[in-house]
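Colleague: Once you've had a glance at the structure underneath, I'll fire off some questions.
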Amino acid sequence: MCSKDSIFFSGESGGRALETLEEAVFPLPNPISVKDHAAALLLMDAARLLLRSAAGPFRCLGRLSLRPRPYQIVPLLMALKLETLRLLIADDVGIGKTIEAGLIARELLDRGEVKRIAVLCPPHLCDQWQQVGG
């Protein structure tokens, strides 16, 4: 009788385990032990890839080239709680409304909940949104 951690291929092994799996243990990364810039970038990329594979709470965070500020996550949380998404983002100038709306759009696209998105904005922001969505 083999343990549940054995690998079988249909009919090839004659009832014997081909390989027994053992648990692998790796030490957690320690930011104090990062000695140089290349190691710090490697640690940051590893964290981003972890989020990219949807292991984190939001799928969109692994596909960003920026780090959103905590208050920019609030509209995303509000949007995900709504059954029918209708959200007006009206913050002060320079707060990051484009980033907040982009987070919502990217998350919904990554989750497969939407296929297309329409952005209504003033004419002077059309070029900015075309670059963001581009």
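The values are calculated or read from the model by the stated rules, or taken from the named source; none is laboratory data. Everything numeric in this text was worked out from a predicted model, so none of it was measured. As a convention, Cβ positions derive from the backbone with ideal geometry for all residues, glycine included, and neighbour counts pool all protein chains shown.
Colleague: Would you tally the residues in the range 1-48 being exposed (fewer than 11 other Cβ atoms within 10 Å of the Cβ), β-branched (Val, Ile, Thr) and either modelled with pLDDT under 70 or out of contact with any Ser or Thr (no Cβ under 6 Å at 6 or more places or on another chain) (or both)?
Modeller: 2
Colleague: Just the residues that are hydrophobic (A, V, I, L, M, F, W, C) and touching a residue at least 40 places away in the same chain (Cβ under 8 Å), please, taken from the range 84-108. If you could, list the steps in order and put the result at the bottom.
Modeller: Restricting attention to the range 84-108, the residues satisfying the condition of being hydrophobic (A, V, I, L, M, F, W, C) are 85, 87-90, 93, 95, 99, 101, 103-105, 108.
Correct list: Leu103 only.
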